[in-house]
Structures are given as C-alpha cells and as structure tokens.
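All remarks here apply to the structure that follows.
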Amino acid sequence: MSTIEAIAENYQTFNPAAYLQNNYIPPLADFSDPDSVVAWKLKCLADACASGEIGGQILVDIDSGPTVYQVLSAFELFKEVILTDFLAVNREELKKWLHDEPGAFDWGPSINQVCSIEGKGEPWQAKQKRLRERVSRVIPVNVHQSCPLGTELAPVTVDALVSSFCLEACSPNYPAFVKALGNITGLLKPGGHVLMIGALEESYYMAGEARLSAVSLTEEMTRKAYDVGYIIRDFRSYTLPESMTVDTDDAKGVSFVWAQKKESD
Ligand SMILES: C[S@@+](CC[C@H](N)C(=O)[O-])C[C@H]1O[C@@H](n2cnc3c(N)ncnc32)[C@H](O)[C@@H]1O
Ligand SMILES: O=[N+]([O-])c1ccc2c(c1)CN[C@@H](CO)C2
C-alpha cells in the first residue's frame, strides 16, 4: 500500500529526459496527426484561454515536471507565470529550457502547434521568447501540504492554476487526490480558474528506472473531485487509440477540466 512518503521516495529516481522521450515525441506528440493526444491537450487549453474569461496577475503551473506545453496558451493572459515542481531535477530541466541552454528539450513543435491553433500567424519563436520572459520563478511544490508552495506566495492568492498529470500521479488513493486538489485550491482566488489535464484509468507510469504508481481515475471520479467549491466550465476526455498506447504507462485516456472556484460556499 503506497503512502505519501513512499511515493516521494520513489520519485527520487524519476528521470526527466526519459519522461520527456516517453511522452512528448511521436507518437504521442505527432503533430502531423491532428488527432494526436498532445494536439488534443493543446487545443483544450487554447479553447479555454480563448474564452476571454481567464486572465489576471499571476498564473501558477502546479507540478510542471520538465514540461512547458501546458502553459503555452495560458501564459499570454497573465503578467507573471510561476512554474513549480516537487523535484530539483525537474526544476533544473525547466531552467535549462528557460535559459536556452544546450541539451534543453525542444518545445518548438508544440509551440508551433499552439501558434497554428491560435491562428494569429506569428512565428513560434516569438511565442517561445515571450514565455521565457514571462516566467518569473521556478519553485518547489508539494500538493500534499496544506500550503503547497510553503510561504513563497502567502498570503497572496493567484488568478489561475494549470496542472497536468499531477495529482493522480503522486497521490496514494482517491481521498488523497481530492485532498490535494483542496490544498491547491487554497492558492486560488475566489472566481479563479483551474485548467487541469489528467490521466484516465492509469495505475502506473515509467520515467527511466522509476516506476510510479498512479490513482486510477474514471471520468466520473475526476468530475466528482470538483463537486466541492467549483463550477465545472468545460470537461473533455480523450480515449487513447491503439496507435498511441505506449509501454511506459497503462493510461486508457486523458481528461481535461476547466473549473472555476466558487465566489463563496
Ligand atoms: C507525470 S509528471 C507531470 C509532469 C508534467 N506536468 C506533464 O504534464 O507531463 C508528475 C509530477 O509529479 C511531481 N510530484 C511528485 N510528488 C509530488 C508532490 N508530493 N507534490 C507535487 N508534485 C509532485 C513529480 O515531480 C512529477 O514532475
Ligand atoms: O498522452 N499524453 O500526451 C500523455 C502525456 C503524459 C503522460 C501521459 C499521457 C500518461 N501518463 C502520465 C503520467 O501519469 C504522463
């Protein structure tokens, strides 16, 4: 039976480079296929951001891992973007990309895909430059703490959160998943927005030699987690086709939730 401590211990062998290769190159990130799952994720995020209802001062990405695709639309709507992760190795990977250092992962294809979706006709390099300028901090996070960012922002609350493949990938069970959502909700202003991507019916995934357990969530379990304190604005799900099943996890699909924190309970 996993516990929060055992999961944290297991994450010590998480390999960012292996994780990126497993999930962010073809076939999962094959943009020649408009139905590829990463293209679908980017479209979900872009559509929510195109609503005109999301924006403000601070956007926090909870659990960036070594990836930035998840904020490629949302970052444009905020004055400051804060990236976070539990592991120093992931925070270092993010800084490598932010500083355009040798060996950094190439997010160009994902950025180009978002530019196509957004249809503003700008070169992807311009968006990449803007994102690098907009990120103010890369800081630690622990979603199982009542203050997931410690004192870094307190008592400031933020206008929006993005989070992708996080809560289910680091919680030992569904109650802990729901509690972790409650913890990050405390960072959010009333009326603030959450854009969350999650795995559906996944029990494990690999990141190099690390084998991480996940809470297997159905669509209904995912929706239900937002029953307290949120209005769901959009919910979408994607079933992974045979062509996109990989041997590095057993996810059956991906969910997207756009939820807005109620002004008051
Ligand atoms: C599947 S990765 C998600 C990475 C990225 N957001 C993405 O979309 O691919 C899960 C992440 O959970 C992080 N993590 C593990 N335990 C955590 C905890 N207690 N609190 C916050 N994040 C944690 C790991 O460092 C890892 O980056
Ligand atoms: O389909 N995808 O684009 C995709 C990207 C990342 C990840 C998954 C699927 C499923 N496993 C999670 C870890 O819990 C990581």
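Read the figures in this text as sums done on the coordinates, not as results from a lab. Just so it is clear, the structure is predicted and the values come from calculations on it, not from any experiment. Cβ: placed from backbone, ideal geometry, glycine included. Neighbour counts: every protein chain shown.
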Rounded, prolate or oblate (a/c below 1.5 giving rounded, otherwise prolate when a/b exceeds b/c) for the stretch 152-192 by Cα gyration tensor: prolate
Local net charge near Y226, Cβ-Cβ under 11 Å (Lys/Arg +1, Asp/Glu -1): +4
Relative contact order, percent, the chain [alpha-carbon distance under 8 Å, six or more residues apart]: 21 percent
Segment A88-T151, extension gain: residue separation times 0.36 nm, minus the distance between their alpha carbons: 20.9 nm
Between the stretch 221-265 and the stretch 107-131, the alpha-carbon center distance in angstrom: 25 Å
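With each run of n ≥ 4 DSSP H residues scored as -39500 (n - 2.57), what mean residue ellipticity at 222 nm is computed for the chain after dividing by its residue count and rounding to the nearest 500 deg cm²/dmol?
Only helices count here, giving -9000 deg cm²/dmol.
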Tensor-based shape of the stretch 110-265 (alpha-carbon gyration tensor, a/c under 1.5 rounded, otherwise prolate or oblate): rounded
The stretch 48-73 residues near the modelled S136 label - backbone nitrogen below 12 Å, point 7 Å along Cα→Cβ: 57-60
Alpha-carbon radius of gyration plus Dmax, which is the widest Cα pair, for the chain in Å: 16.9, 51
C-alpha center-to-center spacing [the stretch 29-52, the stretch 139-211] in angstrom: 22 Å
Against the rule of thumb 2.2 N^0.38 Å, how large the Cα Rg of the stretch 1-85 comes out: 1.31
